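Colleague: Here it is: the structure, laid out below.
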Amino acid sequence: MPRVLVTDASERAALAVIRSLGRKGIEIVAADSVGLNAGFLSKYCSKAFIYPSPLKDKTKFINSMLRFVKNGDFELLIPITDLTMVPIVEHRDEFEDYVKVAAPPYEIAIKAFDKAQTVRIAEKSGVPCPRTLLIDDIKTLKEVAEDLRYPVVIKPRMKVFWRGNRGVMLKVTTRNYAYTSRDLIHKYVQIISRLNGIDVPPNFFMIQEFVEGEGYGVEALMHKGELKAIFMHRRLREYPVTGGASTLRVSTKSERLARYSVKLLKEMDWQGVAMAEFKINPNGGDVKLMEVNGRFWGSLPLAIKAGVDFPYLLYKCMVERENFSPPSYRLGVKQRWLIPGDILWLYSSIINDHRISSSVKDFLGSFTVPDDVISSDDIAPTIGALLACLNLFIDVLRGRRSTTGETLPTRNDAKNALNEDA
């Protein structure tokens with residue numbers, strides 16, 4: 001029986017991959033840095049492997065994974081998040097001595113991981129994107145602050161980065177939005193101070209014009225320069241509301257977004273799956289590229305339910321080497337992420353936006369929509385999702401993490417990272 005290794009088993013995307021391939025009779029080994037997670041508890045998971053957290057020690061993570069795949073007889077290794085994919089593609093040649101890696105080489109993958117590179121490639125390709133400036137330090141920021149059109153967003157070029165062996169995960173929240181030059185400088189200083197003395201890479205933060213509009217995702221599978229599958233969804237709700245993961249979304253179609261996405265991925269020479277995120281202004285219809293995620297995405301269950309089984313199609317490309325045309329899919333299909341995504345959306349809508357009546361009505365009106373995790377066919381992962389929520393809550397109380405999922409480095413983390421760099 002063919003065997004596939006899937007990392008980040010606690011993630012929704014990993015669970016979707018496990019269920020998709022498991023239903024096709026493929027043996028799935030799930031891996032993560034924590035036990036009792038949604039993927040481990042799935043009935044389609046034949047074996048669980050716990051690796052050292054790549055956030056705490058990247059080298060230990062790589063060594064552990066290499067030892068495991070060396071003796072595992074796997075056909076395919078599928079890294080799910082940036083947290084595991086970045087280290088794995090950095091050592092891709094070592095892994096491919098034992099297993100095929102479902103990720104492009106580092107020099108290609110970095111074009112999506114690094115949002116500044118994504119913007120440059122988009123501009124070259126004629127794909128519209130927000131005006132973006134790289135900021136090296138507070139001095140550089142002060143030089144341009146007065147000339148910007150507000151509001152603007154302070155964005156990290158990468159969602160996760162390492163100093164030595166320790167990683168830091170950053171996300172865009174309300175504190176990343178600035179409305180005046182003075183506000184911009186103040187919030188930039190706040191963001192840097194939250195890193196507790198850990199030096200960020202040069203030109204790590206970008207200042208990007210704020211883009212108003214509805215969020216769209218265009219998911220694609222590229223293989224040997226050809227489009228093998230494409231799917232699109234429109235975001236109906238998301239958390240954080242400033243541009244986080246979708247908690248409710250619906251399948252849709254747009255020839256314009258498809259054209260932009262395929263053109264961009266071909267310019268990147270992309271291999272494998274990726275999702276391009278856009279915003280469309282509902283008034284003027286202007287389109288702007290927001291980012292490219294070079295991996296499986298959290299809303300993957302919607303694509304599978306609507307008719308585009310990306311995990312199995314990827315498997316057919318990389319393992320079975322089967323040729324096929326892009327499948328069609330159903331429009332108007334909805335999918336929801338209740339625990340904790342939509343619950344956090346409801347909380348944020350009530351506390352921050354003060355929309356109590358309409359938010360509660362929208363929330364309760366979505367209970368008939370199929371869920372990303374909760375499934376009568378595979379019920380145990382729901383327990384894993386609840387345990388993950390409990391762990392997040394404990395980390396928030398201890399100051400290790402924010403409610404949006406950011407890892408917050410302590411002063412000891414900063415001291416250790418600086419010592420490792422020395």
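The values are calculated or read from the model by the stated rules, or taken from the named source; none is laboratory data. Quick caveat, the model's predicted, so the values are computed rather than measured. Reconstructed Cβ throughout: ideal geometry from the backbone, glycine too, with neighbour counts over all protein chains shown. Calculation scope for accessible area: heavy atoms of the full protein, side chains included, ligands and nucleic acids excluded. Shrake-Rupley method; radii C 1.70, N 1.55, O 1.52, S 1.80 Å.
Colleague: Given a Förster radius of 35 Å and the C-beta distance between Thr140 and Ser254 as r, what FRET efficiency does 1/(1 + (r/R0)^6) yield to the nearest 0.05?
Modeller: Given R0 = 35 Å and the Cβ-Cβ separation, E is 0.40.
Colleague: Which log10 I(q)/I(0) values, to two decimals, does region 1-159 give at q = 0.13, 0.17, 0.21 Å⁻¹ under the Debye formula with one point per Cα?
Modeller: The calculated log intensity ratios at q = 0.13, 0.17, 0.21 Å⁻¹ are -0.71, -0.97, -1.27.
Colleague: I've got another one for you. For region 56-190, what does the relative contact order come out to in percent, with C-alpha contacts under 8 Å and a separation of six or more?
Modeller: Dividing the mean separation by the residue count of region 56-190 yields 22 percent.
Colleague: Let me ask something else. Which value, in nm² and rounded to one decimal, describes the direction-averaged projected area of the C-alpha convex hull of region 284-328?
Modeller: Over every viewing direction, the Cα hull of region 284-328 projects on average to 4.8 nm².
Colleague: Sort the following peptides by mean Cβ neighbour count (other Cβ atoms within 10 Å, averaged over residues), highest first: 166-174, 317-325. Each step should come with its number before you reach the end.
Modeller: Working: 166-174: 20.4, 317-325: 12.8.
Packing proxy ranking, top to bottom: 166-174, 317-325.
Colleague: Counting pairwise Cα distances across region 239-353, what percent come out greater than 16 angstrom? If you can, show how the numbers build up before the last one.
Modeller: Numbers: 4567 of 6555 pairs.
When all Cα pairs of region 239-353 are counted, 70 percent exceed 16 Å.
Colleague: Now a separate question. Between Arg120 and Thr59, what length in nm is gained on full extension when 0.36 nm per residue of separation is reduced by their alpha carbon distance? Each step should come with its number before you reach the end.
Modeller: Working: separation 61, 0.36 × 61 = 21.96 nm, distance 3.10 nm.
The span from Arg120 to Thr59 would gain 18.9 nm if fully extended.
Colleague: Per the 1.4 Å probe, what fraction of the accessible area of region 113-211, in percent, lies on carbon and sulfur atoms? Walk me through the numbers on the way to the answer.
Modeller: On the way: 2350 of 4670 Å².
Carbon with sulfur: 50 percent of the solvent-accessible area.
Colleague: Over the chain, what relative contact order in percent results from Cα pairs under 8 Å that are six or more residues apart?
Modeller: Working: 834 pairs, mean separation 76.4, N = 422.
Value for the chain: 18 percent.
Colleague: From the square roots a ≥ b ≥ c of the eigenvalues of the alpha-carbon gyration tensor of region 192-298, which class results: rounded (a/c under 1.5), prolate (a/b over b/c), or oblate? Working shown, then result.
Modeller: Details: a/c = 1.85, a/b = 1.29, b/c = 1.43.
Oblate.
Colleague: Pairs of alpha-carbon atoms within less than 8 angstrom and 6+ residues apart define the contacts here; what relative contact order does region 1-113 have, in percent?
Modeller: 25 percent.
Colleague: Among Leu265, Ile304, Asn196, whose Cα projects farthest towards the positive end of the dipole of the chain, with charges put on the beta-carbon of Lys, Arg (+1) and Asp, Glu (-1)?
Modeller: After comparing all options, I get Ile304.
Colleague: Let me check the size of region 33-91 from its C-alpha atoms; what are the radius of gyration and Dmax in Å?
Modeller: 11.7, 32
Colleague: Considering only protein heavy atoms, what per residue accessible area in square angstrom results for the chain with a 1.4 angstrom probe? Kindly include the intermediate steps, with their values, before the conclusion.
Modeller: Details: 18790 Å² over 422 residues.
Dividing the accessible area of the chain by its residue count gives 45 Å².
Colleague: Further question on the same structure: Along the charge dipole of the chain, Cβ charges K/R +1 and D/E -1, which of Tyr179, Thr59, Leu83 sits furthest on the positive end?
Modeller: Result: Tyr179.
Colleague: Hey, for a label at Ser46 modelled as a point 7 Å past Cα toward Cβ, could you say which residues of region 12-32 have their backbone N under 11 Å away?
Modeller: Backbone N within reach: 22, 25-30.
Colleague: Can you spot the lysines whose alpha carbon is less than 22 Å from Lys288's alpha carbon? Ignore those fewer than 8 places along the same chain.
Modeller: Lys111, Lys115, Lys124, Lys155, Lys159, Lys171, Lys253, Lys263, Lys266, Lys279
Colleague: Treat each spin label as a single point 7 Å out from the Cα along the C-beta direction, and report the Ile351 to Asp395 distance in nm.
Modeller: So the two model labels end up 1.7 nm from each other.
Colleague: Same structure, new question: Can you tell me which lysines have their Cα less than 28 Å from the Cα of Lys47? Leave out same-chain residues fewer than eight positions away.
Modeller: Cα-Cα hits under 28 Å: Lys24, Lys56, Lys58, Lys60, Lys70, Lys100, Lys305, Lys316.
Colleague: Report the charge-dipole magnitude of region 74-178 in Debye, nearest 20, computed about the Cα centre from +1 at each Lys and Arg Cβ and -1 at each Asp and Glu Cβ. Spell out each step's value before the answer.
Modeller: Details: 17 positive and 15 negative charges, 126 e Å.
My answer is approximately 600 debye.
Colleague: OK, next. Rank Ser64, Ser42, Ser193 by mean-square fluctuation in a GNM of the chain with C-alpha springs under 10 angstrom and give only the top-ranked residue.
Modeller: Ranking Ser64, Ser42, Ser193 by mean-square fluctuation puts Ser193 first.
Colleague: Take the alpha carbon atoms of region 273-301, find their center, do the same for region 121-135, and report the distance between the two centers in whole angstrom.
Modeller: 14
Colleague: Applying 1/(1 + (r/R0)^6) with R0 = 35 Å to the Cβ-Cβ distance of Asp269 and Lys361, what FRET efficiency is obtained, to the nearest 0.05?
Modeller: 0.15
Colleague: Round to the nearest 0.05 the FRET efficiency obtained for Asn71 and Glu107 when R0 = 25 Å and r is the Cβ-Cβ distance.
Modeller: Between Asn71 and Glu107 the formula returns 0.30.
Colleague: Starting from the Cα of Thr368, step 7 Å along the direction of its Cβ; do the same at Glu94; then give the gap between the two resulting points in nm.
Modeller: 5.4
Colleague: Name the residues of region 333-360 whose amide N is less than 16 Å from a point 7 angstrom out from the Cα of Tyr179 along the C-beta direction?
Modeller: Residues 352-354 qualify, since their backbone N sits under 16 Å from the label point.
Colleague: Further, regarding this structure: Just to be sure I understand: of the beta bridges DSSP finds with both ends in the chain, what percent are antiparallel, rounded to 5?
Modeller: 75
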